[in-house]
Every structure is written in structure tokens, then in C-alpha cells.
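Q: Please see the structure below; I have some questions.
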Amino acid sequence: MKDVSHSNRGMWNSGTRASLWGLALSSLAGVGLVLATPSSASAQAAYGSYIGAGATVGLTDGGTDSNTTAGGLIAVRYRFLEVPISLRTQVLISDATAIVPTISYDIPLNWQTDAYIGAGVAIQDSDENVSPIGNQTSFVLQPGIDYSFPYSNLVLFGNAIIAFDAYEESGDTAASVQGGLGVRF
């Protein structure tokens, strides 16, 4: 087998390095020009991605005769800057754990607040124990709201998760509410 690291050694000569540095500096200058150019004022979805923690409460039992399930929550939001779309994942931790990845459409309400509606899937780790949103993998809708505190990296978030055909035995719909505090990155 040929050693690739030795065969390409001559490829990065000083002319190539100088060209790459020139390209990098030109790119930085272009980014600076874009950032310095004033833009029109319009409401945007609350800026920034975040990671947070909070609580979750199940509102349904799906005929399983179990009590309302409550537990902890870990939430992550990755916001695309050019479009009002976010990727979100929530991990609901209680008797059973559910991982809920969704893609959401963000609707700006003002500079600090946006509402959203997401769609995705609830992935359950157990079909014997019940999480706040059932005990089997199901399609979900997730309406919610994010509020970014002014002059801070903190985000207050809250949402509901509606999981369709979420219970293995009954096929009922499950619902839960979540809320917590996140830190933007």
C-alpha cells in the first residue's frame, strides 16, 4: 500500500500556501464588510441555539392505569440563521426515557420571543415502562415558545408534545408539557 502522506508532500508548496492565505484573508474581509453593512429592521426569530434543562409532565395514561408521569428534561435547539427553521431534540427522563427529535418552523413574535410548531418522532427506550409521551415510537407534533432574556444568554422555553399512537396496548394519543431554562451558544 502506498503511503499517501509522503506522495502529497510536494503538493503544498509556498505558492499554494500563499494562495490559501490570500483566499482566507479575502474571505475575512468579505465577512467584515457584510457585518458592517446596515440591514433593515425587522423582527427575527429569537436569535441563537441553546442547550437547557427543565421538567416534563405527562398529561395522559393511555389506559395503562399508571399515574401521570413526571420527570426531567434536557433540550437542545440548533437554529439556522438564514431561514426560520430549527432542529430540536428533547430527552424526557422518567420511568422510561423518550428522545424526541423534531424540525420546527419558527414564527417571530418580537425581538426576544418566537413561537414554533415542530414535527418529528418520539423514540422510546422501553415498551414496558411508560414515559411522559407513551411507550412506543410515534409521530409527534410540538408547539412551543422561546423567550430570550435581553442582555443575557438565557432562554426560557416551553412546549407541548402530542404523540399519535403512542401506547402499545391501546394506540391512544399521548400529550405532555415541558418547560425549562437554556443557555445560548
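The values are calculated or read from the model by the stated rules, or taken from the named source; none is laboratory data. Just so it is clear, the structure is predicted and the values come from calculations on it, not from any experiment. Here the Cβ is made from the backbone with ideal geometry for all residues, glycine too, and neighbour counts use every protein chain on show.
Q: Going through segment 150-168 one residue at a time, which ones are within 30 Å of ASP61 (Cα to Cα) and of a type outside the set (D, E, K, R)?
A: First, the residues of segment 150-168 that are within 30 Å of ASP61 (Cα to Cα): 156-168.
LEU156, PHE157, GLY158, ASN159, ALA160, ILE161, ILE162, ALA163, PHE164, ALA166, TYR167, listed by residue number.
Q: What are the residues in segment 158-185 that are surrounded by fewer than 17 Cβ atoms within 10 Å (Cβ to Cβ) and in a strand (DSSP E or B), if any?
A: Correct list: GLY158, ALA160, PHE164, VAL177, LEU181, VAL183.
Q: Please work out which residue is farthest from GLN136 (Cα to Cα), limiting yourself to segment 75-89 and to residues that are assigned to a strand (DSSP E or B) and of a type outside the set (Val, Ile, Thr).
A: Restricting attention to segment 75-89, the residues satisfying the condition of being assigned to a strand (DSSP E or B) are 75-79, 85-89.
Still in the list and also of a type outside the set (Val, Ile, Thr): 75, 77-79, 86-88.
Values: ALA75: 20, ARG77: 24, TYR78: 26, ARG79: 28, SER86: 25, LEU87: 22, ARG88: 20 Å.
In this case the residue turns out to be ARG79.
Q: Could you say whether any residue in segment 118-137 is of a type in the set (D, E, K, R), in a strand (DSSP E or B) and under 17 Å from ILE74 (Cα atoms)? Before you say what the answer is, go through the steps one by one.
A: First, the residues of segment 118-137 that are of a type in the set (D, E, K, R): 125, 127-128.
With the extra rule that they be in a strand (DSSP E or B), the set shrinks to none.
There is no residue in segment 118-137 that is of a type in the set (D, E, K, R), in a strand (DSSP E or B) and under 17 Å from ILE74 (Cα atoms).
Q: Quick one: how many residues across segment 136-147 are surrounded by fewer than 22 Cβ atoms within 10 Å (Cβ to Cβ) and farther than 20 Å from THR97 by Cβ?
A: 4
Q: Applying the selection to segment 124-149, what residues are out of contact with any Gly (no Cβ under 6 Å at 6 or more places or on another chain), hydrophobic (A, V, I, L, M, F, W, C) and within 17 Å of THR60 (Cα to Cα)?
A: Once the filter is applied, which keeps residues that are out of contact with any Gly (no Cβ under 6 Å at 6 or more places or on another chain), hydrophobic (A, V, I, L, M, F, W, C) and within 17 Å of THR60 (Cα to Cα), segment 124-149 yields VAL130, ILE133, PHE139, LEU141.
Q: Restricting attention to segment 123-132, does a residue exist that is within 15 Å of the chain's Cα centre (by Cα) and modelled with pLDDT of 95 or more?
A: Start the filter on segment 123-132 by keeping residues that are within 15 Å of the chain's Cα centre (by Cα), which leaves none.
No; the residues of segment 123-132 include none that is within 15 Å of the chain's Cα centre (by Cα) and modelled with pLDDT of 95 or more.
Q: If I go through segment 90-115 residue by residue, how many of them are assigned to a strand (DSSP E or B) and either farther than 18 Å from LEU154 by Cα or charged (D, E, K, R) (or both)? Explain how you work it out, then say what you get.
A: Residues of segment 90-115 that are assigned to a strand (DSSP E or B), as a first pass: 90-93, 97-108, 113-115.
Keeping just the survivors that are either farther than 18 Å from LEU154 by Cα or charged (D, E, K, R) (or both) gives 91-93, 97-107, 114.
Qualifying residue count, segment 90-115: 15.
Q: Now for a separate question. Scan (1) of a type in the set (A, V, I, L, M, F, W, C); (2) in contact (Cβ under 8 Å) with a residue 60 or more places away in the chain; (3) in a strand (DSSP E or B) for the single condition VAL140 breaks and write down its number.
A: Against the list (1) of a type in the set (A, V, I, L, M, F, W, C); (2) in contact (Cβ under 8 Å) with a residue 60 or more places away in the chain; (3) in a strand (DSSP E or B), VAL140 comes up short only on (2).
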